[in-house]
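Remarks on the structure that follows.
Please treat every number below as a calculation from the coordinates, not as lab data. No experiment lies behind these values; they were computed from the predicted model shown. We place every Cβ from the backbone using ideal geometry, glycine too, and count neighbours over all the protein chains shown.
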Amino acid sequence: MRTQEFSELSCYLLPGHSQAPADAKHQAQRAEELGLGRVWVSERFDVKDAGVVCAAALAVTDRLEVATAATNLHTRHPMVLATMCSSLHYLSEGRFTLGLARGVAIRNELMGLQGVGNRQIVEGLEILRTLWSGGKVMGYDGPMGKLPYLSMGDWLDARIPVYFVGFGGKSLEFAGQHFDGVHLHTFITPGGLRRARAAVEEGAHKAGRDAADVRICTVMATVLEPDREAHLRKLVGRMATYMQAPGYVEMLAALNDWDTKVIDNFRAHPAVTSILGGIDSVATLEQLEAIEKLIPEEWLSAAAVGSAEQCAARLVQELDGGADEVCIHGSTPDEFAPVIDAYRALRK
């Protein structure tokens with residue numbers, strides 16, 4: 001498989017809310033042309049099914065790797081999830097990576113799903129890896145359900161990397177013990193990145209693994225010379241949506257050492273409580289103007305914003321600060337193309 005020019009850089013397909021999943025095909029092709037190593041698909045339960053979008057991206061590219069960031073262990077039967085992943089693996093000749101997250105607690109509740117604990121993840125990973133290697137699962141009765149007999153065929157030998165998608169301190173340590181990599185989150189500060197790497201390394205050491213084998217991909221909101229609307233929608237709206245979900249942004253605050261009183265005040269404010277739905281999906285510009293006043297400026301500073309050269313320098317800083325890969329978020333490949341040109345110049 002031919003290596004891309006910038007294997008350390010990646011981006012999201014269909015960043016944020018999208019009503020046009022077909023755009024993923026052009027975005028994937030453009031990312032490959034720019035030399036990026038990988039694209040990530042964040043599943044949403046509307047028109048962003050992870051398996052469908054990943055398949056589309058893999059079908060229209062030749063070298064680009066494609067990954068989920070994330071889908072969940074418990075929203076598909078383990079045999080269905082294993083089949084989806086092995087199909088993508090063989091379809092692409094090994095260019096697929098599975099990124100798994102626990103799921104957002106409130107969404108799990110609304111969907112009638114139980115939360116995903118560590119034991120379920122460990123046993124789920126074992127089941128997936130057994131099936132991918134041509135093994136059989138027989139007489140299983142545990143947190144992954146009751147599975148009398150699962151087999152995908154003894155000819156399979158699909159060695160699919162699995163990343164943990166999350167950013168809680170204990171979860172990162174756990175990921176270092178069991179996963180091939182970690183995909184972090186938008187708006188993690190340099191200090192937060194250092195804490196995240198330390199947690200992953202601690203987990204790897206506890207498991208007797210080489211910490212260097214656990215790759216860390218951080219996520220960088222990247223907005224090239226934004227006008228007022230782009231600033232509000234791509235930065236304010238994104239952060240505000242994270243802050244809406246109970247128990248979600250608290251983990252980001254802990255990693256970055258932020259004041260959690262800001263979160264309480266934000267959620268209680270009428271500008272937020274009056275919005276029904278995800279802020280990045282439904283808020284008007286007028287509503288985002290009001291919401292911006294509730295978010296400390298420093299919380300938005302952990303992003304790449306400004307000229308192409310400034311954005312590229314921020315990507316370099318992130319890699320030098322402990323990331324093995326940086327995923328560009330909030331912009332499409334067409335939009336951030338000048339940043340890649342500037343990055344190439346810096347890396348010469």
For the chain, what is the relative contact order in percent, using Cα pairs closer than 8 Å and at least 6 residues apart in sequence? 17 percent
Residue pairs, from the table LYS25/LYS234; LYS170/LYS261; LYS234/LYS293; LYS261/LYS293; LYS170/LYS234; LYS234/LYS261, whose Cα atoms sit over 26 Å apart: LYS170/LYS234
Using 7 Å Cα-to-Cβ label points, what is the THR260/LEU346 separation (nm, one decimal)? 3.4 nm
Using Cα atoms only, what is the angle between the long axis of helix 23-34 and the major principal axis of the chain, expressed in degrees (0 to 90) to the nearest 10? 90 degrees
Where a Cα-Cα gap under 16 Å defines reach, which aspartates and glutamates qualify for LYS206, not counting those fewer than 8 residues away within the same chain? GLU173, ASP180
Please report how far the C-alpha centroid of the range 126-193 lies from that of the range 52-74, rounded to the nearest whole angstrom. 16 Å
Using per-residue counts of other Cβ atoms within 10 Å, averaged over each peptide, order 302-315, 172-185 from highest down. 172-185, 302-315
Charge dipole of the chain built from unit charges on the beta carbon (Lys, Arg +1; Asp, Glu -1), centred at mean Cα; most positive-end Cα among ALA67, SER87, MET243 is SER87
Only Lys, Arg, Asp and Glu count, each charged at its Cβ (+1, +1, -1, -1), so figure out the dipole size of the range 1-104 about its Cα centre, rounded to 20 debye. 220 debye
Please get the size of the charge dipole for the chain, origin at its Cα centre, with Cβ charges of +1 on Lys and Arg and -1 on Asp and Glu, quoted in debye to the nearest 20. 660 debye
Where does helix 190-206 land angle-wise versus the long Cα axis of the chain, in degrees 0 to 90, nearest 10? 20 degrees
Say a paramagnetic label sat at a point 7 Å from the Cα of LEU113, along Cα to Cβ; which residues of the range 139-170 have their backbone N under 17 Å from it? 143-146, 163-167
In which sequence would MET251, MET111 go, from the one with the fewest C-beta neighbours within 10 Å to the one with the most? MET111, MET251
If I stretch the segment between LEU276 and ALA198 completely, what's the gain in nm (0.36 nm per residue apart, minus their alpha carbon distance), one decimal? 24.3 nm
Tell me, what is the FRET efficiency for GLU5 and GLU225 to the nearest 0.05, using R0 = 30 angstrom and their Cβ-Cβ distance as r? 0.80
Can you give the helix-only mean residue ellipticity at 222 nm for the chain, where every DSSP H stretch with n ≥ 4 adds -39500 (n - 2.57) and the sum goes over all residues, rounded to the nearest 500 deg cm²/dmol? -13500 deg cm²/dmol
Report, in degrees rounded to the nearest 10, the 0 to 90 angle that the Cα long axis of helix 50-59 makes with the longest principal axis of the chain. 90 degrees
In the range 171-186, which residues have a backbone nitrogen under 20 Å from the label point lying 7 Å from SER301's Cα in the Cα-to-Cβ direction? 185-186
Using the Cα centre as the reference, give the magnitude of the dipole from point charges on the C-beta atoms of the range 292-348 (Lys, Arg: +1; Asp, Glu: -1; all else neutral), rounded to the nearest 20 debye. 180 debye
Charge dipole (the chain, unit charges on Cβ, about Cα centre) - positive-most of VAL104, GLY208, LEU131: LEU131
Of ASN265, LEU13, PRO143, farthest towards positive along the dipole that unit charges on Lys, Arg, Asp, Glu beta carbons give the chain: PRO143
Extending each Cα 7 Å along its Cβ direction at VAL122 and ASP49, get the distance between those two points in nm, one decimal. 3.4 nm
